[in-house]
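Remarks on the structure that follows.
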Amino acid sequence: MEKTIKIGEKEVRLNNNIGWTFIYRDQFGHDIIPTLMPMAGAILDLLAGIITETGKTENIEVRDLIKAADSDRIIDAVVHMSGLEFVEFINITWSLAKCADDSIPEPKIWVKEFEDFPLDEIAPEVFRLISRGVMSSKNFERLQTALKPMTNK
């Protein structure tokens, strides 16, 4: 699946074809799974906490997240996510972009094309695209339904 996102003022095509994982490994020298697993774990832990707290499996709202967000769950999520460096996120985004457009330059050159790299805007799109590529359609739709009210997408 291909999607165009905006990074600052520039439109960038991303492709979640499984080939992006080979591009990532070839460019950065290691597999993506050790990077993605802590992120997936943090998201799943938070969702499990919300489901346990509220009993909801669909249409989870921001107030549900707040209600379920006790300090232990927040600390656990931060610990899981703290291993991800900003550069790793850029590397993942670059790999998805390279999969869509083989002509883009190496990451250190490519990133200079952007005035800014607003992680809060880009991350949800990138994570949604990655999830779409590695989850069954049924589970992806469940995740989208659960998160829709929280992401306003």
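Just so it is clear, none of the values below were taken in a lab; they were calculated from the coordinates. Not measured: the values here are computed from a predicted model. All Cβ positions, glycine included, derive from the backbone under ideal geometry; neighbour counts span all protein chains shown.
Details
- Length gained when the stretch Met1-Ile33 is fully extended (0.36 nm per residue, less Cα-Cα span): 9.5 nm
- In terms of the mean number of neighbouring beta-carbon atoms within 10 Å, the peptides 91-97, 2-8 order highest first as 91-97, 2-8.
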